[in-house]
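J.: Before I ask anything, here is the structure I am working with.
The values are calculated or read from the model by the stated rules, or taken from the named source; none is laboratory data. Here the structure is a predicted model, which means the values were calculated and not measured. Here the Cβ positions follow ideal geometry from the backbone for every residue, glycine too, while neighbour counts run over all protein chains shown. Side chains are part of the model used for accessible areas, which takes the heavy atoms of the whole protein and leaves out ligands, DNA and RNA. Shrake-Rupley method; radii C 1.70, N 1.55, O 1.52, S 1.80 Å.
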Amino acid sequence: MNSEFDAAMKRPLSGWGRYPLRDCAVRRPETVSALRQPIQASDVSLLSRGMGRSYGDAAVNADGYTILSERLNRMLEFNDRTGLLCCEAGVTIEDILQTFVPRGWFPTVTPGTKFVTVGGAVAADVHGKNHHRDGSFCRYVRRLTLILASGETVSCSRVENSDLFWATVGGMGLTGIIVEVEFFLRPIATAYYKTLNLKARNLQETLDLFDRYEPEYQYSVAWIDCLASGDSMGRCLLTLGNDATVGDLNRQQQERPLEIKPRRRLRVPFDFPSGLLNRYTVRLFNYFYYHRQRSAKVEKIVDYDSFFYPLDSIWDWNRIYGKRGFVQYQFAIPSAVSREGLTQILTLLSSKGCGSFLAVLKRLGAQEGWLSFPMPGYTLALDIPIRPGIWEFLEQLDRLVLDCGGRIYLAKDARMRPEVFRQMYPEFDRWLAVKSRIDPQNRFRSALSERLHIEPLPETATSLLGR
Ligand SMILES: Cc1cc2nc3c(=O)[nH]c(=O)nc-3n(C[C@H](O)[C@H](O)[C@H](O)COP(=O)(O)OP(=O)(O)OC[C@H]3O[C@@H](n4cnc5c(N)ncnc54)[C@H](O)[C@@H]3O)c2cc1C
């Protein structure tokens, strides 16, 4: 390591789950040429990091530089006829909402927090509540600009350097640093959503409701009581939504249909005791949360902030899990086995009392990127506090997910084993061939890639794309 590396600012970094925590040498370049410097000037490993909203170890590189994209956040060009936005990768979804909602444009795909960068959204190929209808973030990306391990700047798309494009979307920052992204926003008439909130008494009803309402609604998401058992297993509150038209709004909203009131934010002021979220408190929370909606059906008009980003109204909510942190276990399983697979998994969760008060079920459609997470079927995300015995339990869950032909989301993972990863991502070899060609020295690394033994193949050609 060189002296420049030694002088870099050291900072403890983790993902949103606050596990694992590593000391990292951090760089905060302000321009693309400053960004190229650490790539060309040394041979240490590199990793780009956005807002650190991946949960596990994907955005942490303790061996070399972790390069923050927060200052590379310029909007470069916008076409108000087509909705094509070109911006630097450090621009956040929040920046986009603030700038473009008042002009009548919205990201077609957004995750459940607006505090993510465009680079992070591409690298994890994020999905939203409309994946089954509209696909993931990469579907709307026209072109990416990347800096490779060689220092070369390369542009890629579905037609130009397409293998690099498909390896980079969902590629978790391991192909290079995304510096610019061109992607389409979609037009909106209002900043509001017309929602239908339904109550299901068990898993059978939950899945039937998803099936029944899918053709009518663009967005769907369910909160599941994952500790309910017996006849109530899989009971849920399902939220469905479509864009609201100006005619759907009340008089006050109609005056400014593209403006919403700023929300009051609460803050979790300190780390809660680690054992606070246990099977008893979660069971109690789930009971009251499920019963807070009295009728089986409620219709509401809500603004985009409440609809897409309810958790963003509480700053630092990850502190409620205490200093030990938590893991988010998010898996997808294919349609053909969804009912049976979810039954087995929910039975295991409730029998071990290993519940999560945030348990989110969504419908997924087809996957595009080679390491992208979605597959046609369902995905369930569970926040699980770290406590003794948790790793063995999660390995049991891994086996069930594997038996179903499912997979775990890399953006949430902090503990999966390499052999499990390889079975879950069948297009990994294809991805690895590109990684081996463009980064034979394995310059782009993360704690996640090291844990999963993701390394270029030995003795592959070191030539760059197209040569
Ligand atoms: C409350 C909450 C809700 C969420 N809901 C969803 C959801 O509904 N759907 C979903 O798909 N995800 C969801 N996520 C996960 C989140 O969307 C992804 O992890 C996203 O990648 C985070 O973006 P970030 O900017 O914070 O990236 P980071 O967490 O900083 O990095 C994530 C990955 O992207 C890479 N990366 C970041 N910037 C670049 C760049 N410029 N070039 C190359 N690689 C880069 C990093 O190396 C890392 O591998 C949620 C997270 C939270 C905290």
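J.: Over 21 Å between Cα atoms, which of Lys129/Lys261; Lys261/Lys412; Lys129/Lys300; Lys362/Lys412 qualify? Intermediate results must be reported in sequence, preceding the final value.
T.: Working: Lys129/Lys261 23 Å; Lys261/Lys412 31 Å; Lys129/Lys300 17 Å; Lys362/Lys412 15 Å.
Over 21 Å apart, Cα to Cα: Lys129/Lys261; Lys261/Lys412.
J.: Where the centroid of each part is defined by its Cα atoms, how far is region 123-149 from region 352-405 in Å?
T.: Result: 21 Å between the Cα centres.
J.: Just the number please: accessible area per residue for the chain, 1.4 Å probe, all protein chains included, in Å².
T.: 42
J.: Where nothing but the Cβ of Lys and Arg (+1) and of Asp and Glu (-1) is charged, how large is the charge dipole of the chain around its Cα centre, in debye to the nearest 20?
T.: 1300
J.: Of Pro385, Ser150, Leu249, which is farthest on the positive side of the dipole of the chain, counting Cα position, with +1 on Lys and Arg Cβ, -1 on Asp and Glu Cβ, and the Cα centre as origin?
T.: Checking the options against the dipole of the chain, the answer is Leu249.
J.: Ranked highest first by the average count of other Cβ atoms within 10 Å around their residues, in what order do 196-207, 132-143 fall? Walk me through the numbers on the way to the answer.
T.: Numbers: 196-207: 18.8, 132-143: 21.2.
So the peptides 196-207, 132-143, ranked by packing, come out 132-143, 196-207.
J.: Simple spin-label model, 7 Å along Cα-to-Cβ: Arg201 to Ser162 in nm?
T.: Spacing of the two 7 Å Cα→Cβ label points: 5.1 nm.
J.: Count the DSSP beta bridges whose two residues both fall in region 192-421, then state the antiparallel fraction as a percent rounded to the nearest 5.
T.: Given both bridge residues lie in region 192-421, the antiparallel proportion sits at roughly 95 percent.
J.: For Ser229 and Thr245, calculate 0.36 nm times their separation in residues minus their Cα-Cα distance, and state this gained length in nm to one decimal. Each step should come with its number before you reach the end.
T.: Working: separation 16, 0.36 × 16 = 5.76 nm, distance 4.02 nm.
Between Ser229 and Thr245, full extension yields 1.7 nm more.
J.: Count neighbours as other Cβ atoms within 10 Å of each site's Cβ, and list the trypsin sites (Lys or Arg not before Pro) in region 15-95 that are DSSP loop with at most 10 such neighbours.
T.: Loop-located and lightly packed - Arg81.
J.: Suppose R0 equals 22 Å. What FRET efficiency, 1/(1 + (r/R0)^6) with r the Cβ-Cβ distance, do Met9 and Asp43 give to the nearest 0.05?
T.: Numbers: r = 20 Å, r/R0 = 0.91.
Working from the Cβ atoms, E equals 0.65.
J.: How large, in percent, is the carbon and sulfur part of the accessible surface of the chain at a probe radius of 1.4 Å?
T.: On the way: 9690 of 19450 Å².
Carbon with sulfur: 50 percent of the solvent-accessible area.
J.: Then there is this: Going by average Cβ neighbours within 10 Å, how do the peptides 368-381, 111-124 rank, with the highest at the top?
T.: Ranking, from highest mean packing down: 111-124, 368-381.
J.: Report the extension gain between Arg133 and Arg71 in nm, rounded to one decimal, defined as 0.36 nm multiplied by the number of residues separating them, less their alpha carbon distance.
T.: Net length gain for the segment: 18.9 nm.
J.: Separate question: Eigenvalues of the Cα gyration tensor times 5, then square-rooted: what semi-axes does that give for the chain, in whole angstrom, largest first?
T.: 35, 27, 21
J.: Ok, one more. Using the basic label-point model (7 angstrom from Cα toward the beta carbon), what is the Tyr213 to Ala189 distance in nanometres?
T.: Placing both labels 7 Å along Cα→Cβ, they lie 2.1 nm apart.
J.: Follow-up question, since we're still on this one. Using 0.36 nm times the number of residues separating Thr99 and Lys261, minus their current alpha carbon distance, what extension gain do you get?
T.: Residue separation times 0.36 nm, minus the Cα-Cα distance, leaves 56.8 nm.
J.: Could I ask something else about it? Less than 20 Å from a label point 7 Å out along the Cα-to-Cβ axis of Ser274: which backbone N atoms in region 387-403 qualify, by residue?
T.: Inside the label zone: 387-395.
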